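I have placed the structure first, in the form of structure tokens, so that the comments after it can refer back to it.
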Amino acid sequence: TDIAILVIDATLDFTDFDKDILKLITDKNIPYIVAYNKVDLIPDFKPKNKDIKQYVYISAKEKTGIEELKSKLTQLTKNTQEKFILKDIVNPKDTVILVIPIDKAAPKGRLILPQQQVIRELLDIGATAIMTQDDNLENTLANLKTKPKLVITDSQAFGKVNKIVPQDIELTSFSILFSRYKGDLKRQVNAVKILDTIKDNDKILIAEGCTHHRQCDDIGTVKLPNWIKNYTKANPEFFFTSGTEFPDDLSKYKLIIHCGGCMLNQAEMQSRLKKAHEQNIPMSNYGTTIAYIHGILSRTLHVFTNL
């Protein structure tokens, strides 16, 4: 939840159940407003809880207080810190190459959300975005008059793209960018090192935020498990979740590997990370995992000077 509105029946004021809900909201550091409803029944209503700072009196029946509630909601959204994908690492007039493989999993006739968001932010910055497929990357680089500031690739093409892009050009992936944007990149980078301790029958959860039709060479259910087996020389047991299926009890897993979370909001991604952290289960990310397996994690993080 990004913002919570806790509706209180003014004729009852705070019940024990309401107090439990409020504690849940504050424990998760969620911005909130208390809306005391039915104040038309108590013209001189005064709340008993003096600790509530953000509140409004409303009457759903008389339609009073609604505009004030909207105004306070707007103010809460202004108070939340705006986050960026690239603005701190890309400058106006920089050139950024986006490597976008068009394979069986690519949606027909459109780009996936993280690619769209990156392109839009580059346009907002005033930078130049050049899109190409991995098969045409070498030719694209050769045709540029000036060296690009950064190459961003789909993580599953890391191995091929790393060999093509010169070492003096920064390289990262959409998934790693979104780990930093919505998740906790430092924690997810540290978590991936658990791969070096994976043994036969260890349980690994591979989680995705969206639901989609899985192809025969799906990255989550096929490519990642194969890469992990080849890297660890072990035979772990893999479990897969998508959409809202992320489990509450994570205790049986040795490692969780999550997608970039482009279809989840930041609050949901942070909630999943918090859940794993509280149960002491390392949780990594598609991009960091693939980069680590290919031995290029340090290179893909170099662009983030404050990491």
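Of (1) farther than 27 Å from Pro101 by Cβ; (2) in contact (Cβ under 8 Å) with a residue 40 or more places away in the chain; (3) not in a loop (DSSP other than H, G, I, E, B), Ser179 satisfies all except one. Which?
In the conditions (1) farther than 27 Å from Pro101 by Cβ; (2) in contact (Cβ under 8 Å) with a residue 40 or more places away in the chain; (3) not in a loop (DSSP other than H, G, I, E, B), Ser179 misses (1) alone.
Check Lys193, Lys223 and return the single one that is closer than 18 Å to Phe304 by Cβ, of a type in the set (Lys, Arg) and over 17 Å from the mean Cα position of the chain (by Cα).
Details: Lys223 fails: closer than 18 Å to Phe304 by Cβ.
Result: Lys193 is the single residue among Lys193, Lys223 that is closer than 18 Å to Phe304 by Cβ, of a type in the set (Lys, Arg) and over 17 Å from the mean Cα position of the chain (by Cα).
Can you tell me which residue in the range 137-159 is modelled with the lowest pLDDT, limited to those that are more than 17 Å from Thr95 (Cα to Cα) and assigned to a helix (DSSP H, G or I)? Give the derivation first.
As a first pass, look at the range 137-159 and keep what is more than 17 Å from Thr95 (Cα to Cα): 154-159.
Now drop any that are not assigned to a helix (DSSP H, G or I), which leaves 155-159.
Numbers: Ser155: 94, Gln156: 91, Ala157: 94, Phe158: 96, Gly159: 94.
Going through the qualifying residues, I end up with Gln156.
Listed here are the residues, each with its yes/no results for (1) over 23 Å from Leu24 (Cβ atoms); (2) charged (D, E, K, R); (3) more than 16 Å from the chain's Cα centre (by Cα).
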residue	(1), (2), (3)
Gly209	no, no, no
Asp218	yes, yes, yes
Phe246	no, no, no
Gly261	no, no, no
Lys274	no, yes, no
Gln279	no, no, yes
Met283	no, no, no
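Against the definition (assigned to a helix (DSSP H, G or I), basic (Lys, Arg), free of Cβ contacts under 8 Å to residues at least 40 places away in the same chain and surrounded by fewer than 11 Cβ atoms within 10 Å (Cβ to Cβ)), how does Lys78 come out, yes or no? Step through it out loud before you land on a result.
Numbers: assigned to a helix (DSSP H, G or I): yes; basic (Lys, Arg): yes; free of Cβ contacts under 8 Å to residues at least 40 places away in the same chain: yes; surrounded by fewer than 11 Cβ atoms within 10 Å (Cβ to Cβ): yes.
Yes: the conditions hold for Lys78.
Go through the range 182-199 and give me each residue that's crowded, with 20+ Cβ neighbours inside 10 Å, of a type outside the set (A, V, I, L, M, F, W, C) and assigned to a helix (DSSP H, G or I).
Lys182, Gln188
Within the range 152-179, count every residue that is buried (at least 22 other Cβ atoms within 10 Å of the Cβ) and among the charged types (D, E, K, R).
Selection size over the range 152-179: 1.
Taking Lys275, is it surrounded by fewer than 17 Cβ atoms within 10 Å (Cβ to Cβ), charged (D, E, K, R) and outside the structural domain of Gly159 (by TED's automatic domain parsing)? Explain how you work it out, then say what you get.
Working: surrounded by fewer than 17 Cβ atoms within 10 Å (Cβ to Cβ): no; charged (D, E, K, R): yes; outside the structural domain of Gly159 (by TED's automatic domain parsing): yes.
The answer is no for Lys275.
Within the range 292-301, is there a residue that is modelled with pLDDT under 95, in a helix (DSSP H, G or I) and surrounded by 14 or more Cβ atoms within 10 Å (Cβ to Cβ)?
Taking the range 292-301 as the starting set, the residues that turn out to be modelled with pLDDT under 95 are none.
Looking through the range 292-301, none of the residues is modelled with pLDDT under 95, in a helix (DSSP H, G or I) and surrounded by 14 or more Cβ atoms within 10 Å (Cβ to Cβ).
Do we have Leu264 as crowded, with 18+ Cβ neighbours inside 10 Å, touching a helix residue (DSSP H, G or I) at 6+ places or on another chain (Cβ under 8 Å) and either part of a helix (DSSP H, G or I) or among the acidic types (Asp, Glu) (or both) here?
Values: crowded, with 18+ Cβ neighbours inside 10 Å: yes; touching a helix residue (DSSP H, G or I) at 6+ places or on another chain (Cβ under 8 Å): yes; either part of a helix (DSSP H, G or I) or among the acidic types (Asp, Glu) (or both): no.
It is false that Leu264 is crowded, with 18+ Cβ neighbours inside 10 Å, touching a helix residue (DSSP H, G or I) at 6+ places or on another chain (Cβ under 8 Å) and either part of a helix (DSSP H, G or I) or among the acidic types (Asp, Glu) (or both).
Is there a residue being within 18 Å of Val192 (Cα to Cα) and acidic (Asp, Glu) anywhere in the range 250-273?
Within the range 250-273, none of the residues are within 18 Å of Val192 (Cα to Cα) and acidic (Asp, Glu).
So Ile52 passes all but one of these: (1) at pLDDT 90 or above; (2) surrounded by 14 or more Cβ atoms within 10 Å (Cβ to Cβ). Which condition number does it fail?
The one condition Ile52 does not meet is (1).
Could you list, in sequence order, the residues of the range 98-127 that are assigned to a helix (DSSP H, G or I) and closer than 25 Å to Leu144 by Cα?
Taking the range 98-127 as the starting set, the residues that turn out to be assigned to a helix (DSSP H, G or I) are 113-125.
Once the filter is applied, which keeps residues that are assigned to a helix (DSSP H, G or I) and closer than 25 Å to Leu144 by Cα, the range 98-127 yields Pro114, Gln115, Gln116, Gln117, Val118, Ile119, Arg120, Glu121, Leu122, Leu123, Asp124, Ile125.
Only residues that are touching a residue at least 60 places away in the same chain (Cβ under 8 Å) and surrounded by 12 or more Cβ atoms within 10 Å (Cβ to Cβ): list them for the range 104-145, please.
First, pick out the residues of the range 104-145 that are touching a residue at least 60 places away in the same chain (Cβ under 8 Å): 104-105, 112-114, 117.
Once the filter is applied, which keeps residues that are touching a residue at least 60 places away in the same chain (Cβ under 8 Å) and surrounded by 12 or more Cβ atoms within 10 Å (Cβ to Cβ), the range 104-145 yields Ala105, Ile112, Leu113, Pro114, Gln117.
So, in the range 244-261, exactly how many residues are in a loop (DSSP other than H, G, I, E, B) and either touching a Phe, Trp or Tyr at 6+ places or on another chain (Cβ under 8 Å) or not assigned by TED's automatic domain parsing to the domain that holds Ile204 (or both)?
Here is the first cut: in the range 244-261, the ones in a loop (DSSP other than H, G, I, E, B) are 244-254, 259-261.
Pick out the ones that are also either touching a Phe, Trp or Tyr at 6+ places or on another chain (Cβ under 8 Å) or not assigned by TED's automatic domain parsing to the domain that holds Ile204 (or both) and you get 253, 259-261.
Residues that pass the stated criteria total 4.
The values are calculated or read from the model by the stated rules, or taken from the named source; none is laboratory data. Remember, predicted model here, so these are calculated numbers, not experimental data. With ideal geometry, Cβ positions are generated from the backbone for all residues, glycine too; neighbour counts draw on all protein chains shown.
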